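The values are calculated or read from the model by the stated rules, or taken from the named source; none is laboratory data. Computed from a predicted model, the values in this text were never measured in an experiment. Glycine also receives a Cβ, built like all others from the backbone with ideal geometry; neighbour counts cover every protein chain displayed. To get the accessible areas, we keep the full protein, side chains included, count just its heavy atoms, and leave off ligands, DNA and RNA. Shrake-Rupley method; radii C 1.70, N 1.55, O 1.52, S 1.80 Å.
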Amino acid sequence: MFDGLVMAAVATELRQNLIGARVDKIYQPSKLEITITMRQPGRNITVVASSQPEAARVHITDTVRENPLVPPVFCMLLRKYLLGSRVMHVAQLGLDRILEITFLRSEEETPKTLVIEVMGRHS
């Protein structure tokens, strides 16, 4: 069960590992899952966000997934706005199962926020 307290722990872990990380790669290995690989000095960190009904989740992983030869449209959209940007902020909204990750590419651009809501089959 993924509840608000679990999301608080995830938000804390992501905040500790991702602040200042540069977005390096974005993939969409399946229709309901995205992976974002970010670079911190000396290491890569991969975050999975899944909206699969039986396993909706967001977490850091070491697992490498096979990706389609042609990226889906949503993946291309994420790449357009997030590649090369840095993670500025990770926040949970109250004790809800909503996570916001804010990215900034340069001071001249508007920050972009990826909102992830983990609600089982309604994710």
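Collect the residues in segment 105-117 that are surrounded by fewer than 16 Cβ atoms within 10 Å (Cβ to Cβ) and out of contact with any Leu (no Cβ under 7 Å at 6 or more places or on another chain), keeping them in residue-number order. Those that are surrounded by fewer than 16 Cβ atoms within 10 Å (Cβ to Cβ) and out of contact with any Leu (no Cβ under 7 Å at 6 or more places or on another chain): Ser106, Glu107, Glu108, Glu109, Thr110, Thr113, Val115. Any chance segment 95-103 includes a residue that's open to solvent by 60 Å² or more (accessible area, probe 1.4 Å) and among the aromatic types (Phe, Trp, Tyr)? No, because not a single residue in segment 95-103 is open to solvent by 60 Å² or more (accessible area, probe 1.4 Å) and among the aromatic types (Phe, Trp, Tyr). Criterion first (acidic (Asp, Glu) and modelled with pLDDT of 95 or more) does Asp3 satisfy it? For Asp3, the condition - acidic (Asp, Glu) and modelled with pLDDT of 95 or more - is not met.
Residues that are surrounded by 14 or more Cβ atoms within 10 Å (Cβ to Cβ) and of a type in the set (Asp, Glu) within segment 25-73 comprise just one, Glu33.
Residues being in contact with a strand residue (DSSP E or B) (Cβ under 7 Å, 6 or more places away or on another chain), assigned to a strand (DSSP E or B) and farther than 14 Å from Val23 by Cα are represented in segment 39-49 by at least one member.
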